[in-house]
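Before any comments, here is the structure.
The values are calculated or read from the model by the stated rules, or taken from the named source; none is laboratory data. Predicted model, so just to flag it, every value in this text is computed and none were measured. As a convention, Cβ positions derive from the backbone with ideal geometry for all residues, glycine included, and neighbour counts pool all protein chains shown.
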Amino acid sequence: MTTSIVTLSELLEARVHLGHRFNKWNPKMVSFIYAERNKIHIIDLVQTAFFLGSACDYVKILAKQGKQFLFVGTRQELNTILAEEAQRCNSFYINQRWLGGLLTNWVTIKSRVQALEDLEKKEEEGFFKSLPKKESSRLKKELDKLRRYFNGIRQMNTLPDVVIITDQRKDLTAVQECNKLNIPTICIVDTNCNPDIVDLPIPANDDAICSVRLIVGKLVDFIKEGQKERELSKNS
C-alpha cells in the first residue's frame, strides 16, 4: 500500500475522528471506534488512514486501466465541493437528489439525459422565444430541473465501474443499487453506518465538510495519478 497518503495530524485537523453520539451508533462499526469522549464516539484514525490508503491505491489502479468513477453526495453543503472534485479528475457526479433507478433503470435515465440535451438545443436555437409565455416558462423550469439532476452524468454513456459515496445513510438507495448490479463501492462510513454493505469502507466523519473534502480530495488525487500514468504509457 502507498505510504504517507495522509498524516494523523491532517485527519485530526479535518475533524475526521469525530463520530456521532454513542446512543446513535451502529454496533457493526465497533471495530473502527477508538474511544468514547463526552458521549461522542471517536473514530480510530489509524484505521482511517489505512482504509483511505487502500482506497487510494485501488482507484489509482482502476484509473490507470481507464475505468469510470461516479461520485455521489447529495447533502446540500457538499454540492459544490463534490462537483468540483469530480470534475478535477474528469469523473461523473450526482450532487443533488439521487433518483431511484438511476443505475438499475439506466435506460430510462439515459432518456432523461437525452431530453436535457434536446431542450438545451431548442433553447440555443431560440425555440422557447417562439412559444407562448406560459409554455416557455414551463420548459425553462423543466430544463433547470434536468440540469440540476443530470448535469453531472450527461456524458456518462455506460454504468460506472466504481461509485464513491460520501454519506451512506442519506444515499442508501445508491448503495443498494450498486450492490444489486455488483458495482464496487467506496464509502465514507461514520459511526452510525453499516460498513458491511459497501465494498471498501473508509471510517470517518461524514458530517464535517472539512472531513469529506479531505477524503474525497485524496481519492481524486490518486485517480489523477492513475490517469496520468495511463496517458504516459500510451505515449511511450
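Data table
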item: Tally, over segment 73-88, of residues that are crowded, with 22+ Cβ neighbours inside 10 Å and either under 25 Å from Ser31 (Cβ atoms) or not hydrophobic (A, V, I, L, M, F, W, C) (or both); result: 2
item: Checklist (1) of a type in the set (D, E, K, R); (2) touching a helix residue (DSSP H, G or I) at 6+ places or on another chain (Cβ under 7 Å); (3) in the same structural domain as Lys60 (by TED's automatic domain parsing) applied to Asp167, failing item; result: (2)
item: Pick from segment 9-45, criterion among the aliphatic types (A, V, I, L, M) and more than 23 Å from the chain's Cα centre (by Cα), ranking: surrounded by the most Cβ atoms within 10 Å (Cβ to Cβ); result: Ile33
item: Only listed residue being surrounded by fewer than 16 Cβ atoms within 10 Å (Cβ to Cβ) and either closer than 22 Å to Leu8 by Cα or over 14 Å from the mean Cα position of the chain (by Cα) (or both), chosen from Asp196, Asp206; result: Asp196
item: Glu85, sole failed condition from (1) touching a residue at least 12 places away in the same chain (Cβ under 8 Å); (2) farther than 25 Å from Gln227 by Cβ; (3) of a type in the set (Asp, Glu); result: (2)
item: Close pairs from segment 217-236: first under 8 Å from Cys56 (Cα atoms), partner of a type in the set (D, E, K, R) and surrounded by 18 or more Cβ atoms within 10 Å (Cβ to Cβ), Cβ under 6 Å, at least 6 apart; result: Phe222/Lys60
item: For Phe50: the one exception among (1) under 17 Å from Asn192 (Cα atoms); (2) among the aromatic types (Phe, Trp, Tyr); (3) surrounded by fewer than 18 Cβ atoms within 10 Å (Cβ to Cβ); result: (1)
item: Hits in segment 132-167 - residues which are surrounded by fewer than 13 Cβ atoms within 10 Å (Cβ to Cβ) and in contact (Cβ under 8 Å) with a residue 60 or more places away in the chain; result: Gln155, Thr158
